[in-house]
Amino acid sequence: MKKIGIIMGSKSDLPVVQKAIDVLKELEIPYEAHILSAHRTPVEAADFARSARANGFAAIIAFAGMAAHLAGAVAANTTLPVIGVPCKGPVFDGMDALLSTVQMPSGIPVATVAVNGGANAALLAAEILSVGEPDLACRLKDRREAAASAILEQDAQLEKELRQS
Ligand code: RP5
């Protein structure tokens, strides 16, 4: 199976990145995670993106906060799918990173998920990978069904509690 690349602009993004790692591990998807910044290590970030396809990656998830141009800078250097995760910063509650990540000019797409949306980014990467991986497609279906069952159980429990109160 091909790998998912995870890159974060700073180690301070790790709590959001961890949500993605947890999902990839649960789905048994190989991944590599690196700290690579579009402004602090621009050469290394571009090198990673340029060699990603040849290095066996299927998609890249880029996490960054503030003036978050990491996902766009990576997307500029690869034709692999790039998923951007805007991370909440100290001043604008993540709105700065959201707009910086989602508002890519035409021609270089970045599939942007919610602010701090690490889990959904990993699920989207898994769905991309599952096109050529039937076993992974089954694991994704099972996960959806388990999540739906949990909600239906909660619903039944809530109904019971409300009847008793
Ligand atoms: C971005 O700046 C990083 O992705 C991080 O979210 C933010 C702040 O970085 P640190 O100052 O915490 O290293 O490049």
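A few remarks follow.
- Residue that is nearest to the ligand (Cβ to nearest atom), among those in the stretch 1-14 that are closer than 21 Å to LEU140 by Cβ and of a type in the set (Lys, Arg): LYS3
- Of all residues making up the stretch 45-65, the number that are within 17 Å of ILE128 (Cα to Cα), away from the ligand (no atom under 16 Å from the Cβ) and either at pLDDT below 95 or among the aliphatic types (A, V, I, L, M) (or both): 3
- Test for LEU24: is it within 12 Å of the ligand (Cβ to nearest atom), at negative phi and in contact (Cβ under 8 Å) with a residue 24 or more places away in the chain: no
- PRO42 being more than 16 Å from the ligand (Cβ to nearest atom) and surrounded by fewer than 24 Cβ atoms within 10 Å (Cβ to Cβ): no
- First in the stretch 62-73 and in contact (Cβ under 8 Å) with a residue 12 or more places away in the chain and closer than 15 Å to ALA46 by Cα, second anywhere and crowded, with 24+ Cβ neighbours inside 10 Å and aromatic (Phe, Trp, Tyr), Cβ under 8 Å, 6 or more apart: LEU70/PHE63
- Verdict on ILE29 being more than 16 Å from the ligand (Cβ to nearest atom) and either under 17 Å from GLY89 (Cα atoms) or in contact with a Pro (Cβ under 8 Å, 6 or more places away or on another chain) (or both): no
- Unique match (being touching a residue at least 12 places away in the same chain (Cβ under 8 Å) and surrounded by 22 or more Cβ atoms within 10 Å (Cβ to Cβ)) among ILE108, ILE35, ILE6: ILE6
- Verdict on LYS88 being within 11 Å of the ligand (Cβ to nearest atom) and at pLDDT 95 or above: yes
- Test result for LEU36, within 16 Å of the ligand (Cβ to nearest atom), more than 14 Å from ALA125 (Cα to Cα) and in contact with an Asp or Glu (Cβ under 6 Å, 6 or more places away or on another chain): yes
- Single match in VAL17, VAL74 (criterion: surrounded by 14 or more Cβ atoms within 10 Å (Cβ to Cβ), at pLDDT 95 or above and away from the ligand (no atom under 11 Å from the Cβ)): VAL74
- Restricting the first member to the stretch 141-155 and to residues that are closer than 19 Å to LEU124 by Cβ, and the second to residues that are of a type in the set (D, E, K, R), the beta-carbon pairs closer than 9 Å and six or more apart or on different chains are ARG143/GLU26.
The values are calculated or read from the model by the stated rules, or taken from the named source; none is laboratory data. Everything quoted here is computed from the prediction, not taken from an experiment. Positions of Cβ are backbone-derived with ideal geometry, glycine not excepted, and every protein chain shown enters the neighbour counts.
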